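A.B. asks: Below you will find the structure I want to go over with you.
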Amino acid sequence: LTPITTPQKKPIFIDADRIHGYYKQEIEAVGDAKLRRGDQSISADRMKYFQDTEDTEAEGHVRLERAKDTLEGTDLQLNLETETGYLSQPNYYMRDGSGRGTGSILLFEGDDNYRLKQGSYTTCPVGNDDWYIRADDLEINNDEEVGTARNVSVLFKDVPILYLPWMSFSYNGKRKTGMLAPIFGNTARSGGDLALPFYWNIAPNIDATIAPRLMTKRGIMVNNELRYMGSSFMGQVLADVLPDDLDTNQTRYGISFMHSQYLGKGWSSNLNYNSVSDDLFFRDLANNLAQTSRTNLLQQGVVSYHGDLGVGGVLGFSAMVQRFQTLQDPRALIISPYKRLPQLSLTAIKRNVAGIDFDFNSSWTNFSHPTLVDGQRLTLFPNVSVPLRNAFGYLTPKIGLHYTRYNLSSSTELRGENTDRTIPILSLDSGVVFDRETALSGKTFIQTLEPRAFYVYVPFKDQSQLPNFDSAESDFSFAQMLTENRFSGSDRINDANQITLALTSRLLEPGTGIERLRIAIGQQFRFIDRDVTLNSPQVTSGRADFIAALSGRLTPEISADTNIQLDENELRTEKIRTGLSYQPELGKVVNLGYRFTRDVLEQVDASTQWPISGGLHGVVGVNYSLRDDKILAGLAGLEYSSCCWALRVVLQRLTTATQKTSTAFFVQLELNGLMEIGTNPLRVLQQNIPGYSSIH
Amino acid sequence: CGFKLRGQISNLPFKSLYVSAPAGHSIGTDLERSIDARTTTQVVHKAEDAEAILQVISATNEKRILSLSGGGRVREFELIYRVSTRLVDSKGIELAPASELVLMRNLPFLDAQILAKEAEEKMLYKDMQDDAVQQIIWRLSTVNP
């Protein structure tokens, strides 16, 4: 071993079968020669090292071991100081297994940078060339872990599938400015579809994606997305423009702007503005349910405050302006909602003032509508409760006075004057908690038993002459049956003389307190016939008075969520929600669901992600309506995953409007660490198959 | 049959607690109020004075389409409320690791009733938040400091 130390230079160690040289000039090492300098080492059959210049020459089985990669070749010329030189017939391997490749020659360009001529790159392991890129010029920057390639062909199973004049990729997964892989697909309504997205990393907290999109039946659209984030704010702008639709000869656009900001001292603001050029924008141009099902596009600004009101006190205030753009289905027209221009709300809560809790809810709203009666409404709802607690349970009597005043527009003939309504609301809530230790299939749990009784009295007041700005009957549920008013909004206050009894039992894991299973039943006993009603279309069954529910994990693999509602008088099932999931491991899931609401809907859901063989998984999701006797949404697909790539093929069919459907075909090839070619169906899969996990 | 009255969850395994929650979110005040009312642990308003600190790392609302009408409109949403919390002592040493609670409720929906459904949605999120607060207190009561 020959240590040679030069001032200001890293020590060099050379080892070989034979070493000879001239002092301070050159050293020649022959036979199993090794040179080590810092964290870099070179081995070869023979090598020369020039001390003055730090030039190294090596030939025969050359191998460089460096901090981030290993390089192999036949001939090496490298200056150890400047890190410039070349390696012929190179093979390179990134240390962390994130990539490897070859080339005709490798040029060292200093600073952990090298360039390959006629280079290739893949993330597949050695011995597997399922995919690789071939580039005339391939630059690897180890410092930033990015690659830049010119004249690039992407080969999959040795077949060229894509050519790009220039591309840049990041092998540490960080997104960087550059072209993203093209997105293509096919939909019946827009034809063949190709988008070329460009990602612009403007700053660490701002980025943008601009994608020109060509649709054979519609023309060229530009999709733009801008995202930004700061310590107290975040936002997103989406703007899609199709300047001239070949099919409709119209300019079509969709805009969405979301911004939320914390203003400090409990104040925050939120803007959400959505607008599209026409009713069919999403149905023609989007291929996911979350968009095609949109009917009322929110356009809203809110400023709100949430703060303390001394010890045990909360003060909340909000000012909101809100309206909607209503997208109509010509075969199922709806009345557009009221605009709230503005709505001011104030709530105040003060707990435990000499054992008494005070609550105050109020709002003032200016409701506006082009065709319906409009006007202003003031509501005030002060209420007082006295929570009585002891070691066994609690009892909370509560009394409140609900006051509402309408000032309706004079243009409407019937009303045109002030109307007010005052209703007292009384309730009594009480509950007890028991617990015990219990054993279930060999494991101990804490089991709770929580009976609760809730009584409400509200006298009848004729409200049939009052307008309905924002009221509807709430769905019967555990949450709803323990509230005083079965109507949401403030235009209707129910008449009630009823007691609700509920019993909940939960299984908790003793070490963590995590809830494993919950069983609950509840029944409402009404002592009067309800006279306050709302004649509006319903999505809920208004007759249920008994509810039973079970949710949680039955075994580690099987979870259930079931909820049944009955009308006790007629012994009739009003509503069923039931779902069962079997998930023995990641990538293996089966979901079954059945949903029934009397006179509203009856649907079954089935979805699965299941391995077929090797790396092949099948995905299926169906939502079938027994009422309409048709599939409302369905998808089927295959996913294949190998060590360095994945292929997903998914066919999806959606109902977008009455007697209209949309079919979309997604193909995506994911080349690990390089790109995803095609349309990403992951979101669609996650939406349709609860518990779906990317197998790759 | 072995059930004992528990009444108040009473004894959390620490005398004083500080709650830190995302600014402007009501779960922080809800937790403080509930712990104050239902346990013997004292809620303090300075982290330095507390034996333990309950950190609400995030509390988010999500919405998933559950049922469609024959015309492709939404008839039911699934509301999903996620809250993740962690418990540390006053020196920042972890007493209970970050854990997430996920709660779900159904919201029947009609586009024509969007204002009313907005109020119902708020009621259901409030119900889930109350449920989450109760479950977090159960979890706190099992911590071994």
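A.B. asks: Go through A:Ser41, A:Ser613 and list them by solvent-accessible area, largest first, probe radius 1.4 Å.
C.D. replies: These residues rank, largest area first, as A:Ser613, A:Ser41.
A.B. asks: For A:Phe596, what is the net charge nearby, where nearby means another residue's Cβ is under 11 Å from its Cβ and Lys, Arg count +1, Asp, Glu -1? Let's see the in-between values first.
C.D. replies: Working: positive: A:Lys575, A:Arg577, A:Arg595, A:Arg598, A:Arg627; negative: A:Glu574, A:Asp599, A:Glu602.
Net charge in that neighbourhood comes out at +2.
A.B. asks: Another one. Per residue of the protein assembly as shown, what 222 nm ellipticity follows from adding -39500 (n - 2.57) for every DSSP H run with n ≥ 4, rounded to the nearest 500?
C.D. replies: Value at 222 nm, helices only, nearest 500: -2000 deg cm²/dmol.
A.B. asks: Leaving out ligands and nucleic acids, note down the accessible area per residue over the protein assembly as shown with a 1.4 angstrom probe, in whole Å².
C.D. replies: Values: 38790 Å² over 841 residues.
In whole numbers, the protein assembly as shown has 46 Å² accessible per residue.
A.B. asks: A further question on this structure: Between A:Thr102, A:Gly310, A:Phe233, whose Cα lies farthest towards the positive end of the dipole of the protein assembly as shown when Lys and Arg beta carbons carry +1 and Asp and Glu beta carbons carry -1, centred on the Cα centre?
C.D. replies: Working it through, the farthest residue towards the positive pole turns out to be A:Gly310.
A.B. asks: Ranking request for peptides B:49-55, A:467-473, A:367-373, B:13-19: highest mean number of other beta-carbon atoms within 10 Å first, then the rest in descending order.
C.D. replies: Ranking the peptides B:49-55, A:467-473, A:367-373, B:13-19 by packing returns A:467-473, B:49-55, B:13-19, A:367-373.
A.B. asks: Apply the a/c threshold of 1.5 to the C-alpha gyration tensor of the range A:128-215 and tell me whether it is rounded, prolate or oblate.
C.D. replies: Numbers: a/c = 2.35, a/b = 1.15, b/c = 2.03.
Oblate, because a/c is 1.5 or more while a/b does not exceed b/c.
A.B. asks: If one computes the Cα centroid of the range A:570-590 and of the range A:283-349, what distance in Å separates the two points?
C.D. replies: Cα centroid of the range A:570-590 versus Cα centroid of the range A:283-349: 31 Å apart.
A.B. asks: In addition: Would chain A count as rounded, prolate or oblate if I go by the C-alpha gyration tensor, calling it rounded below 1.5 in a/c and otherwise prolate when a/b exceeds b/c, oblate otherwise?
C.D. replies: prolate
A.B. asks: Give me the angle, in degrees from 0 to 90, between the Cα long axis of helix B:114-141 and the longest principal axis of the Cα atoms of chain B, rounded to the nearest 10.
C.D. replies: The answer is roughly 30 degrees.
A.B. asks: If you don't mind, there's one more thing I want to ask. Take a quick pass over chain B and tell me how many lysine pairs come in under 27 angstrom between Cα atoms, counting only ones 8 or more apart or on separate chains.
C.D. replies: Lysine pair count for chain B: 9.
A.B. asks: Rounded to the nearest 10 Å², what accessible area does A:Val241 show when all protein chains are kept and the probe is 1.4 Å?
C.D. replies: 60 Å²
A.B. asks: If you don't mind, another one. Evaluate the Kirkwood expression for the hydrodynamic radius of the range A:529-622, namely the inverse of the mean inverse distance over all pairs of different C-alpha atoms, and round to one decimal in Å.
C.D. replies: This gives a value of 15.7 Å.
A.B. asks: Whenever you get a sec, line up A:Arg598, A:Arg37, A:Arg252 from highest to lowest accessible area (probe 1.4 Å, protein heavy atoms).
C.D. replies: On the way: A:Arg598 60, A:Arg37 30, A:Arg252 5 Å².
If we order A:Arg598, A:Arg37, A:Arg252 from most to least accessible, we get A:Arg598, A:Arg37, A:Arg252.
A.B. asks: Given a Förster radius of 22 Å and the C-beta distance between A:Val241 and B:Ser58 as r, what FRET efficiency does 1/(1 + (r/R0)^6) yield to the nearest 0.05? Mind showing how you got there, number by number?
C.D. replies: Numbers: r = 35 Å, r/R0 = 1.58.
Efficiency for this residue pair is about 0.05.
A.B. asks: Heavy atoms only, 1.4 Å probe, whole protein assembly: order A:Leu289, A:Leu428, B:Leu95 by accessible area, highest first.
C.D. replies: Greatest to least solvent exposure: A:Leu428, B:Leu95, A:Leu289.
A.B. asks: Rounded to two decimals, what is the ratio between the C-alpha radius of gyration of the range A:227-274 and 2.2 N^0.38 Å? All intermediate terms of the calculation are to be shown ahead of the outcome.
C.D. replies: Details: Rg = 15.9 Å, N = 48, 2.2 N^0.38 = 9.6 Å.
Working it through for the range A:227-274, the quotient is 1.66.
A.B. asks: Over the alpha carbons of the range A:37-89, what is the largest minus smallest coordinate on each principal axis, giving the biggest first in Å?
C.D. replies: So the three principal-axis extents are 26, 23, 16 Å.
A.B. asks: Then there's this: Taking the Cα centre as origin and putting +1 on Lys and Arg beta-carbons and -1 on Asp and Glu beta-carbons, what dipole magnitude results for the protein assembly as shown, to the nearest 20 debye?
C.D. replies: 1980 debye
A.B. asks: Additional query: At R0 = 60 Å, how high is the FRET efficiency between A:Ala290 and A:Tyr23 if r is their beta carbon distance? Nearest 0.05 is fine.
C.D. replies: About 0.20, to the nearest 0.05.
A.B. asks: What accessible surface, in Å², does a 1.4 Å probe find on A:Arg377, ignoring ligands, DNA and RNA and rounding to the nearest 10?
C.D. replies: Per-residue accessible area (A:Arg377): approximately 0 Å².
A.B. asks: A further question follows. Within 13 Å, Cβ to Cβ, of A:Trp610, how many net charges do the neighbouring residues add up to if Lys/Arg are +1 and Asp/Glu are -1? Before the final figure, lay out the partial values.
C.D. replies: Numbers: positive: A:Lys588; negative: A:Glu585, A:Glu639.
After counting each charged neighbour, the total is -1.
A.B. asks: Here is a further query. In Å and from the alpha-carbon atoms only, list the Rg and Dmax of the range A:61-210.
C.D. replies: Using the Cα atoms of the range A:61-210, the pair Rg, Dmax is 17.2, 62 Å.
A.B. asks: Still on this structure: Starting from the Cα gyration tensor of chain B, take the square roots of the eigenvalues, sort them a ≥ b ≥ c, and report rounded, prolate or oblate (rounded when a/c is under 1.5, otherwise prolate if a/b is larger than b/c, else oblate).
C.D. replies: Verdict is prolate for chain B.
A.B. asks: At 1.4 Å probe size, with no ligands or nucleic acids counted, give the accessible surface of B:Lys46 in Å², nearest ten.
C.D. replies: 120 Å²
A.B. asks: Can you give the mean number of other chain Cβ atoms that lie within 10 Å of the Cβ atoms in peptide B:134-141?
C.D. replies: What the average comes to for B:134-141 is 4.
A.B. asks: So for each of A:187-194, B:68-75, A:22-29, A:277-284 I average, over its residues, the number of other beta carbons within 10 Å; can you give me the resulting order with the highest mean first?
C.D. replies: Ranked by mean Cβ neighbours within 10 Å, highest first: B:68-75, A:277-284, A:187-194, A:22-29.
The values are calculated or read from the model by the stated rules, or taken from the named source; none is laboratory data. As the structure is a prediction and not an experimental result, all values here were calculated from the model. Neighbour counts are summed over all protein chains in view; Cβ atoms, including those assigned to glycine, are modelled from backbone coordinates with ideal geometry. These accessible areas exclude ligands, DNA and RNA; they are computed on the full protein's heavy atoms, side chains included. Shrake-Rupley method; radii C 1.70, N 1.55, O 1.52, S 1.80 Å.
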